[in-house]
Amino acid sequence: MSVAAPPETAPAVVDRETFAAASGATAVQMADLDLYLRRLTEGNAVMNLVGPATLEVFWSRHAWDSAQLAALEPEALAWADLGSGAGLPGVILAILGKDRPGYHVDLIDSVAKRCRFLQAVVDELALPATVRNARAEELALKVEIVAARACAPLHRLLGFAEPYLRRGATGLFLKGQDVALELEEATRYWDFEADILPSLSDERGRIVRVRRLRRGRKA
């Protein structure tokens with residue numbers, strides 16, 4: 001397991017303009033993101049999608065946190081977002097990859113009302129995405145990258161991701177300041193190879209990149 005040093009100059013994303021500059025999003029993509037933010041705000045009023053206060057810092061807390069994954073695997077075309085919920089990171093990735101030939105994101109969530117929200121967003125924005133109302137571990141999709149954000153503790157998340165990783169995917173999992181404890185717990189159940197990368201959106205956050213996974217004695 002290796003830990004990468006933080007970049008010397010990480011972009012300071014605090015608002016819409018700095019997000020556009022840091023991510024390289026086009027005017028069309030920014031318009032899609034604006035509409036997604038409106039739909040997320042409306043949806044959050046009737047169901048628990050994200051913390052209400054986080055909508056005020058959408059561009060740093062949600063958009064940039066999600067978009068940074070695309071820069072880690074710029075050539076990848078096939079993504080799966082486990083426990084997609086509000087569409088983070090999957091909808092952001094689908095918007096940013098919308099015009100790339102062959103690009104596709106599977107948005108996977110076991111909660112039907114969240115899937116209805118996701119489907120409405122996918123349809124309205126004509127995103128290259130498929131919404132799947134299912135438990136992630138019950139699917140065995142062939143993708144290049146399996147991603148997750150605020151989905152589950154790492155030892156459980158690896159169980160959800162195992163079918164994808166077994167078929168050759170790389171895992172990119174957004175984690176918070178307790179990542180060391182999660183990694184320690186995960187090693188009790190799994191044998192895996194991982195890089196721990198700094199988050200560009202939050203100095204306390206980390207990205208766990210998993211390339212190899214096998215069940216341990218307790219899995």
Would you point out the residue of region 79-125, among those that are among the aromatic types (Phe, Trp, Tyr) and outside any helix (DSSP H, G or I), that is nearest to Met47 (Cα to Cα)? Trp79
Kindly indicate whether Ala134 is at pLDDT 95 or above, exposed (fewer than 15 other Cβ atoms within 10 Å of the Cβ) and of a type in the set (Gly, Ala, Ser). yes
Residue selected from region 128-150 under the condition part of a loop (DSSP other than H, G, I, E, B) and either under 26 Å from Ala63 (Cβ atoms) or of a type in the set (A, V, I, L, M, F, W, C) (or both), by the criterion nearest to the chain's Cα centre (by Cα): Ala150
Have a look at Gly43, Gly51 and point out the one that is surrounded by 19 or more Cβ atoms within 10 Å (Cβ to Cβ), out of contact with any Gly (no Cβ under 8 Å at 6 or more places or on another chain), small (Gly, Ala, Ser) and over 25 Å from Glu73 (Cβ atoms). Gly43
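State whether the residues of region 165-184 include one that is within 15 Å of the chain's Cα centre (by Cα) and modelled with pLDDT under 95.
If we filter region 165-184 for residues that are within 15 Å of the chain's Cα centre (by Cα), which is where we start, we get 169-176.
Still in the list and also modelled with pLDDT under 95: 176.
Yes: region 165-184 contains one or more residues that are within 15 Å of the chain's Cα centre (by Cα) and modelled with pLDDT under 95.
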Cβ contacts < 9 Å: first residue part of a helix (DSSP H, G or I), restricted to region 14-25; second residue polar (S, T, N, Q), any location; separation 6+ or different chain. Result? Thr18/Ser60; Phe19/Ser60; Ala20/Thr26; Ala20/Gln29; Ala22/Gln68; Ser23/Gln29; Ser23/Gln68
Which of the residues spanning region 140-164 are among the aliphatic types (A, V, I, L, M) and at pLDDT 95 or above? Val143, Ile145, Val146, Ala147, Ala148, Leu154, Leu157, Leu158, Ala161
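Do we find that Ala126 is of a type outside the set (Ser, Thr, Tyr), on the phi > 0 side of the Ramachandran plot, modelled with pLDDT of 95 or more and out of contact with any Gly (no Cβ under 7 Å at 6 or more places or on another chain) in this structure?
Values: of a type outside the set (Ser, Thr, Tyr): yes; on the phi > 0 side of the Ramachandran plot: yes; modelled with pLDDT of 95 or more: yes; out of contact with any Gly (no Cβ under 7 Å at 6 or more places or on another chain): yes.
Judged against the criteria, Ala126 is a match.
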Please state which of the following conditions Ser84 fails to meet, knowing it meets all the rest: (1) of a type in the set (S, T, N, Q); (2) farther than 19 Å from His62 by Cβ; (3) surrounded by 21 or more Cβ atoms within 10 Å (Cβ to Cβ). (2)
All-but-one check, Arg206 against (1) closer than 19 Å to Glu138 by Cα; (2) under 19 Å from the mean Cα position of the chain (by Cα), failing number (1)
Pick from Asp106, Asp81, Asp34: which is under 21 Å from Phe160 (Cα atoms) and either of a type in the set (Gly, Ala, Ser) or without any contact (Cβ under 8 Å) to a residue 40 or more places away in the chain (or both)? Asp106
Can you pull out the residues in region 151-171 that are under 14 Å from Asp109 (Cβ atoms) and either touching a Pro at 6+ places or on another chain (Cβ under 6 Å) or not in a helix (DSSP H, G or I) (or both)? Cys151, Ala152
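The values are calculated or read from the model by the stated rules, or taken from the named source; none is laboratory data. All values reported here derive from a predicted model rather than from experimental measurement. Don't worry about glycine lacking a Cβ; one is built from the backbone with ideal geometry, like all the others, and counts go over all protein chains shown.
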